[in-house]
Amino acid sequence: MHPSPAEAPRDPEASRDPEAPRDPEASRDPEAPRDAEASRGGIPEEARGSPELAADADSGSAPGPTPAFDFWRAIYERRSIRRFKSDPVPRELVTQVLHAGIWAPSSCNYQMWDFVVVDDPAVNARLAALSTQMGNAPVNVIVSYGRDFSEDAWANIQSASAAIENMSLAAHVLGLGTFWITQTGDKEKVREVVGLPEDRLVVAVLALGYPANPPRSGPKRRPLERVAHWNHYAGKPIPGSPDPEDWDADSLAVYQRARVLNGLRHNKPRAWEVSALETALDALVPDGREPAADPASAPRWLDVLPCTGIVTERLAKLRPGLRFDVVERTSEVADFVAARVRPRAATYGWPRASAEFAAPPDAAYDVVSCVYRLENLRASERAELVADMARWLKPGGTLFLAFVNARSFHDLAEWARARRGGLGGVEYVLAPDPSIGPFRSLRSSDVEGFARSAHLRASGSVGLHAAPPREEIDFRARNSSARARSFAQFASSIARAAEIVPGARSSRGRFQFRAYTR
Ligand SMILES: Cc1cc2nc3c(=O)[nH]c(=O)nc-3n(C[C@H](O)[C@H](O)[C@H](O)COP(=O)(O)O)c2cc1C
């Protein structure tokens, strides 16, 4: 692409077809004073088009042996490797990988990439201190690009990315593994650790090494017929909106399946969320703490829309006296969650069921739970799900509901985050972690209304966190200035003091838990 418009008047490239063949010498004024140029460290006053080809320019021969490898196998078999052997990688091999990188296309053929290969364990340890992701491989390649080049349409990032992909494929062919890291922590600190000048933008880091336990198959891809269109787009995109009203059930199913199968399952719930859940469970579902003598005849628990299964796994550990089943939107997600509990859970489908993925049996469960999942649904679907959950309960059984209270600091925090220019869109909504789709907090009165319509009777209620706990503030403010952090801690300590006001937690607590019986 082209240089940014701001630079256009000075830049002869701007009026030029970027794809036209060029002669670097053609635009040079042979009379131009070379001395002045030398005094500027060789930087010409006027841009002269693409960088000059020096005598040692690379003409494209691989610097080492190129093993025969089927092109299509390289495309389909390359995997992100997140665990590496500690064996060092010979520099000749690394060089060959880098060389494949410089033969990627780049915007205007500027080739303003610079790679810093870190194979010194001491320097890698400093990188790992910035992000643990850089602590896995014996080699980290810091991929940078000229910050002010090709900014238009992010062509600098696109060019660096093309180089990264070339390197990833070359590494695979050479028997190495790579891992494309964007979660590098503060990229400016990465730049400083490896001594890159300020005008280099760190785009990503490519971890490189010999794979330990490479995955046999990759995470599934969205099907081509959904992704590719001929002449005119005719698809249904996954919404980026955090508002459940913008989502239909199928889009949510596709989105959650992709998130779970692609790695969300590895997330850990936050400690303050887990302890709130445990407190509520002890109050509302106290039985079943002892392991069942005969799991086959143990009371049964259905966890509804568990998605990652992180909470299901926790519930099953806390209540080993019950046998867990799960109901999910897709069989892949249901199967994934089922394998997180012992004995393996039976799996059911909602809202679509089929012969192979049936709806849960009616009146079969002693406990049905739904933890922060009504919030993902459209308003019209919430009452429907509560009615279905009531049907799945045995008479006398307990429906255990957890939801985020709209009349709490939650919505205020979300609003403040958006105002501060925080990342928007469905990926970043403030919800109990991990966030797995659109999310709208609920009013207690709405939940009570759903329960009444489903002929459920309230049997218990717990509200917690009328103010954010100290550890949550520390976590959320971790990237803010020290002043902002202490202000946030101060404000929340005042709010926490107000928690002793009778009824503060039950009416204003962020986390609300309800038990209903049928
Ligand atoms: C731009 C980009 C950034 C990525 N950043 C990360 C990352 O920070 N952490 C991570 O675990 N994986 C990261 N990945 C790897 C993807 O998760 C991975 O490519 C994807 O799940 C597909 O798996 P596969 O590479 O094995 O085919 C990144 C990939 C790309 C293209």
TODO: Check whether at least one residue in segment 179-186 is farther than 25 Å from residue 96 by Cβ and either within 12 Å of the ligand (Cβ to nearest atom) or aliphatic (A, V, I, L, M) (or both), and report yes or no.
DONE: yes
Those residues of segment 294-316 which are of a type outside the set (D, E, K, R) and free of Cβ contacts under 8 Å to residues at least 40 places away in the same chain amount to 296, 297, 298, 312, 316
Next on the checklist: Just checking, does segment 371-387 include any residue being in a helix (DSSP H, G or I), over 28 Å from the mean Cα position of the chain (by Cα) and hydroxyl-bearing (Ser, Thr, Tyr)?
Outcome noted: yes
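Tell me yes or no: at least one residue of segment 340-348 is closer than 25 Å to residue 246 by Cα and touching an Asp or Glu at 6+ places or on another chain (Cβ under 9 Å).
As a first pass, look at segment 340-348 and keep what is closer than 25 Å to residue 246 by Cα: none.
The answer is no, given that none of the residues of segment 340-348 is closer than 25 Å to residue 246 by Cα and touching an Asp or Glu at 6+ places or on another chain (Cβ under 9 Å).
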Over segment 243-274, the set of residues away from the ligand (no atom under 16 Å from the Cβ) and under 15 Å from the mean Cα position of the chain (by Cα) is 269
Residue 116: passes all of (1) part of a loop (DSSP other than H, G, I, E, B); (2) more than 16 Å from the ligand (Cβ to nearest atom); (3) surrounded by 13 or more Cβ atoms within 10 Å (Cβ to Cβ) but (1)
Checked segment 112-156 for anything out of contact with any Ser or Thr (no Cβ under 7 Å at 6 or more places or on another chain), within 23 Å of residue 214 (Cα to Cα) and either among the aliphatic types (A, V, I, L, M) or free of Cβ contacts under 8 Å to residues at least 60 places away in the same chain (or both); matches are 117, 118, 119, 121, 124, 128, 132, 135, 137, 139, 141, 142
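So which residues in segment 180-204 are in contact with a Phe, Trp or Tyr (Cβ under 8 Å, 6 or more places away or on another chain) and not basic (Lys, Arg), if there are any at all?
201, 203, 204
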Looking across segment 195-212 at residues that are closer than 23 Å to residue 150 by Cα and away from the ligand (no atom under 11 Å from the Cβ), the single one that is surrounded by the most Cβ atoms within 10 Å (Cβ to Cβ) is 202
Checked segment 168-192 for anything hydroxyl-bearing (Ser, Thr, Tyr) and crowded, with 22+ Cβ neighbours inside 10 Å; matches are 168, 178
Does residue 226 satisfy being more than 15 Å from the ligand (Cβ to nearest atom) and in contact with a strand residue (DSSP E or B) (Cβ under 6 Å, 6 or more places away or on another chain)? no
Determine whether residue 233 is assigned by TED's automatic domain parsing to the domain that holds residue 98 and over 29 Å from residue 463 (Cβ atoms). no
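How many residues are in a loop (DSSP other than H, G, I, E, B) and either under 13 Å from residue 335 (Cα atoms) or out of contact with any strand residue (DSSP E or B) (no Cβ under 6 Å at 6 or more places or on another chain) (or both) when one looks only at segment 293-312? Reasoning before the result, please.
Keep residues of segment 293-312 that are in a loop (DSSP other than H, G, I, E, B), which gives 293-294, 298-299, 305-309.
Among the residues that remain, those that are also either under 13 Å from residue 335 (Cα atoms) or out of contact with any strand residue (DSSP E or B) (no Cβ under 6 Å at 6 or more places or on another chain) (or both) are: 293-294, 305-309.
Of the residues in that region, 7 qualify.
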If we keep only residues of segment 87-113 that are in contact with a strand residue (DSSP E or B) (Cβ under 9 Å, 6 or more places away or on another chain) and farther than 20 Å from residue 177 by Cβ, then the residue surrounded by the fewest Cβ atoms within 10 Å (Cβ to Cβ) is 102
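Each row is one residue, and each column tells you yes or no for (1) buried (at least 16 other Cβ atoms within 10 Å of the Cβ); (2) not acidic (Asp, Glu).
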{"site": "280", "(1), (2)": "yes, yes"}
{"site": "285", "(1), (2)": "yes, yes"}
{"site": "291", "(1), (2)": "no, yes"}
{"site": "298", "(1), (2)": "yes, yes"}
{"site": "303", "(1), (2)": "yes, no"}
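Outside the structural domain of residue 104 (by TED's automatic domain parsing), surrounded by fewer than 17 Cβ atoms within 10 Å (Cβ to Cβ) and within 16 Å of the ligand (Cβ to nearest atom), is that true of residue 221?
Yes: the conditions hold for residue 221.
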Scanning segment 136-178 for residues that are within 12 Å of the ligand (Cβ to nearest atom) and of a type in the set (Asp, Glu) gives 165
In segment 210-226, residues that are of a type in the set (Gly, Ala, Ser) and at positive phi total 0
Counted residues in segment 61-104 being of a type in the set (Ser, Thr, Tyr) and within 16 Å of the ligand (Cβ to nearest atom) come to 2
Looking across segment 311-340 at residues that are among the aliphatic types (A, V, I, L, M) and touching a Gly at 6+ places or on another chain (Cβ under 6 Å), the single one that is surrounded by the most Cβ atoms within 10 Å (Cβ to Cβ) is 337
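The values are calculated or read from the model by the stated rules, or taken from the named source; none is laboratory data. Here the structure is a predicted model, which is why all the values come from computation and not from measurement. Don't worry about glycine lacking a Cβ; one is built from the backbone with ideal geometry, like all the others, and counts go over all protein chains shown.
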